[in-house]
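Below is one structure, written out as structure tokens; comments come after it.
Throughout, read-outs are computed from the coordinates displayed, never taken from laboratory work. Since the structure is predicted, the reported quantities are computational estimates derived from the model, not experimental observations. Please note: Cβ atoms are built from the backbone with ideal geometry, for glycine as well, and neighbour counts cover all protein chains shown.
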Amino acid sequence: MVGVGVPVLHQTVLDTTDARGLAEFWRQLLGFRYRAGDEAPPAGAPDPRGSTWLVLVDPQGVPRLAFQQVAELPPATWPEGPRPQQLHLDLRVDDVAALDEQHARVLALGATQLLDRTDDPEEPMRAYADPAGHPFCVFVG
């Protein structure tokens with residue numbers, strides 16, 4: 001039985017210098033919605049939640065990603081450089097056509113491509129950095 005004698009993974013938390021902006025990137029990319037009370041306020045209105053902590057839930061209402069505001073965050077330099085990725089999210093698509101379709105969406109939403117292995121016959125994939133610099137992969141699987 002899940003959770004009996006062990007902790008249950010609740011959500012993954014990403015640090016960011018722009019909680020609302022990063023939450024919007026992931027909300028649009030994954031089709032999630034905000035937890036009740038975390039929705040964006042009307043344009044020009046104060047956004048106290050967006051300056052501290054936001055949570056995105058999946059279509060069933062399960063918390064999946066949270067965003068914690070920090071003063072500064074040096075981006076990972078993966079795949080090379082002094083700052084490793086430490087953690088990344090893997091997103092799966094059904095085929096190379098879907099991989100190409102998502103590539104266009106990911107870039108349009110503000111991600112940066114880090115690696116392109118679309119020619120890998122075992123596992124075509126691309127790696128990106130989200131707008132805060134967190135690496136993530138989209139692969140065929």
Inset, instruction - Sum up the charges of everything whose Cβ sits under 15 Å from the Cβ of ALA76, counting Lys and Arg as +1 and Asp and Glu as -1, but leave ALA76 out. - result: -3
Legend entry - Degrees, to the nearest 10: 19-30 long Cα axis against longest axis of the chain: 50 degrees
Inset, instruction - Work out the FRET efficiency for ALA45 and ASP15 from their Cβ-Cβ distance, taking R0 = 25 Å, and round it to the nearest 0.05. - result: 0.50
Legend entry - Local net charge near PRO131, Cβ-Cβ under 10 Å (Lys/Arg +1, Asp/Glu -1): -3
Inset, instruction - Go ahead and run the numbers for FRET between GLN86 and ALA36, Cβ-Cβ distance against an R0 of 35 Å, rounding to 0.05. - result: 0.70
Inset, instruction - Calculate how many DSSP beta bridges within the chain are antiparallel, expressed in % of all such bridges and rounded to the nearest 5. - result: 65 percent
Inset, instruction - Enumerate by residue number the GluC sites (Glu not before Pro) in the range 50-123 meeting two conditions: DSSP loop (anything except H, G, I, E, B), and at most 14 other Cβ atoms within 10 Å of the site's Cβ. - result: GLU72, GLU80, GLU122
Inset, instruction - At 0.36 nm per residue, minus the direct Cα-Cα distance, what do ASP100 and ARG64 gain on full extension? Give it in nm, one decimal, please. - result: 10.5 nm
Inset, instruction - Taking 7 Å along the Cα-to-C-beta vector as the label spot, tell me the LEU107-ASP119 distance in nanometres, rounded to one decimal. - result: 1.7 nm
Legend entry - Degrees separating the helix 96-108 axis from the principal Cα axis of the chain, which is the longest one: 50 degrees
Legend entry - Environment charge of GLY50, counting only residues whose C-beta is closer than 11 Å and scoring Lys/Arg +1, Asp/Glu -1: -3
